[in-house]
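Colleague: Dropping a structure here in structure tokens format, bear with me for questions.
What follows is calculated from the coordinates using simple rules that are stated; it is not laboratory data. Worth saying up front: this structure is predicted, and the values here are computed from it rather than measured. Cβ placement follows ideal geometry from the backbone for every residue including glycine, while neighbour counts extend to all protein chains displayed.
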Amino acid sequence: MSVCAGGLWYYLRMGKPAGFWILVAIEGLMAAGYAVSFPFLAVYLSGQRHMSMSLTGLFLALSMLTASFAHLVGGELADILGRRRVMLWALLLRCAVVAFMAWIIGAGGSMLPLLIAHPVGLFIGFSFSPAARSWVADSVGSASRMKAYGLLRVGTNAGWALGPAVGGVLAAGSYAVMFAVTAAVYLLAAAAVFLFIRDSAVFEKRTSSGLDLKTAAATLKNREFRDFCALSFMMCAVMSQLVISTSLYYTRYLGFSERQIGLLFSLNGGMVVTFQYLATRVLERSRISRGLMTGALFYAAGYLTVGYAGAFVSALIGIAVVSIGEVAVSPGLQALGANMAPPREKGRYLGVQGLFQQAGSSAGIFLGSNAISLISPHYRPGPWLIIVMLALTAALGFRSLGRRLSRRADGLREPFLPPPSESPETV
């Protein structure tokens, strides 16, 4: 923790803007609120409502696939309406939907409203991400974005370290309370955005009469950006195994309790909080694509360990190795996407990238949960070997992409030139 704390102190004493640190705190709040309840939704549906593992995986995958288009919409709206406005309304509406889910679960009502509310809530909530990432891109130069997005991950994983452990305890009493707590946290985050976040001075709204999804799709004519989106899809399919697939796998085949699963997720969050700053300090000296390649290799090694885990200790080791991959991959994906975007289309580009990332997560959940149901009864680690191959393929792809990117796009300053100009709100 001393490394992380030292890094935060370094940035704070440099007089950086309060708005960025408020956003870090908001991301932490949102992650904690989400982690209290949603990692246990698969366990609730399969354990309390007796949905099959295959059907549970299909529902969650389709929910995320539907909601993935929110990144596209949220990115467009962020360029047209402003970052702050999109963030605020996303949080308020997400709060209302999650509160409704808590009421349905508490009342023991029909499954249908719950199955409708979940994808609707995801769609609304996912529109927050491109607006927030665009706000950071407005405020940070291209060579500093890896560091800034890394610090956002520190906030996110501080919440992620706390949330699952709390959720694991609450799950023993009431799933309705878990979702009610999540709704309250989203409301608190919305209040923080309203009071403390303002759009950057360099932000210029894109003149438009409405959403232009056709032009957004045209971003894929850029070959490097198209390849990057494809790799983001693949990498997020790998990353998505951390929550749904691991909880289903460890519950079914190793007999872990909700509390043990919560501790695994808390280990992941705690490691990212501790090592994210150090990782970004090391990775900023090289190309972002190289860090992404390295992170993908750690994911491969970690999930190989997860698949062959035989006890709680070996499961902890597997999650720890996966967490090392996460500190390299997560901020790198955001920074590289922002660096590829033209100045007035950051929301659009990050929204398109977010669509591919979320679609990859959806495909990963569907692949992982169904492979666990169909393959693991015959060869228990089988599904994880598929995930390992995806991670290795992504690593090779990032290596190839890095050879075609400019130094600036790949996170390096141009030689013999002054640093790129940055706004007054620079991290």
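Colleague: Restricting attention to the range 110-199, which trypsin sites (Lys or Arg not before Pro) occupy a DSSP loop and are surrounded by at most 15 other Cβ atoms within 10 Å?
Modeller: Details: sites: ARG133, ARG145, LYS147, ARG153, ARG198; in loops: ARG198.
Of the trypsin sites (Lys or Arg not before Pro), the ones in loops of the range 110-199 whose Cβ has at most 15 other Cβ atoms within 10 Å are ARG198.
Colleague: Then there is this: Once amide H atoms are built 1.01 Å from N in the peptide plane, which residues 5 or more positions from ASP199, or in another chain, come under 5 Å H to H?
Modeller: Counting only residues 5 or more places away or on other chains, the set is ARG84.
Colleague: Within 12 Å, Cβ to Cβ, of PHE128, how many net charges do the neighbouring residues add up to if Lys/Arg are +1 and Asp/Glu are -1?
Modeller: On the way: positive: ARG83, ARG84, ARG85, ARG94, ARG133; negative: GLU27.
Every neighbour counted, the sum reads +4.
Colleague: Continuing with the same structure: Name the residue, out of VAL273, VAL352, VAL181, whose mean-square fluctuation peaks in a Gaussian network model built on the chain with Cα pairs under 10 Å.
Modeller: The residue that fluctuates most here is VAL181.
Colleague: Just add up the charged neighbours of GLN276: K/R +1, D/E -1, any other residue whose Cβ is under 11 Å from the Cβ of GLN276. Intermediate results must be reported in sequence, preceding the final value.
Modeller: Values: positive: LYS147, ARG153, ARG281; negative: GLU326.
In short, +2.
Colleague: Between ALA184, ALA217, ALA107, where does the largest GNM mean-square fluctuation fall for the chain, given springs only between Cα atoms within less than 10 Å?
Modeller: Comparing ALA184, ALA217, ALA107 in the GNM, the peak value goes to ALA107.
Colleague: Cut-off is 10 Å between beta-carbons; in what order do MET234, MET30, MET101 appear when sorted fewest neighbours first?
Modeller: On the way: MET234 22, MET30 28, MET101 25.
Least crowded to most crowded, the residues run MET234, MET101, MET30.
Colleague: Summing -39500 (n - 2.57) over the DSSP H runs of n ≥ 4 in the chain and dividing by its residue number, what mean residue ellipticity at 222 nm do you reach, to the nearest 500 deg cm²/dmol?
Modeller: Details: 16 runs with 320 residues, N = 427.
Computed mean residue ellipticity for the chain: -26000 deg cm²/dmol.
Colleague: For the Cα atoms of the chain, what angle does the longest principal axis make with the long axis of helix 2-13, in degrees from 0 to 90, nearest 10?
Modeller: 40
Colleague: If each Cα of the chain is one equal point scatterer, what is log10 of I(q)/I(0) from the Debye formula at q = 0.06, 0.11, 0.13, 0.14 Å⁻¹?
Modeller: -0.22, -0.78, -1.13, -1.34
Colleague: Follow-up. Express in whole angstrom the spacing between the alpha-carbon centres of the range 229-280 and the range 348-379.
Modeller: After rounding, the separation between the Cα centres reads 14 Å.
Colleague: Something else: With θ set to phi - 60° and the Karplus curve 6.51 cos²θ - 1.76 cosθ + 1.60, what are the ³J(HN,Hα) couplings of the range 61-70 in order, to the nearest whole Hz, using x for Gly and Pro?
Modeller: Using θ = phi - 60°, the values come out as 5, 5, 4, 5, 5, 4, 6, 4, 5, 5 Hz.
Colleague: Please give the helix 346-374 orientation as an angle from the longest Cα principal axis of the chain, in degrees from 0 to 90, rounded to the nearest 10.
Modeller: 20
Colleague: Related question: Just to confirm the number: angle between the C-alpha axis of helix 145-171 and the first principal axis of the chain, 0 to 90 degrees, nearest 10?
Modeller: Taking Cα atoms only, the helix is inclined about 20 degrees.
Colleague: In a Gaussian network model over the chain where Cα atoms closer than 10 Å are linked, find which of LEU60, LEU187, LEU254 has the largest mean-square fluctuation.
Modeller: LEU254
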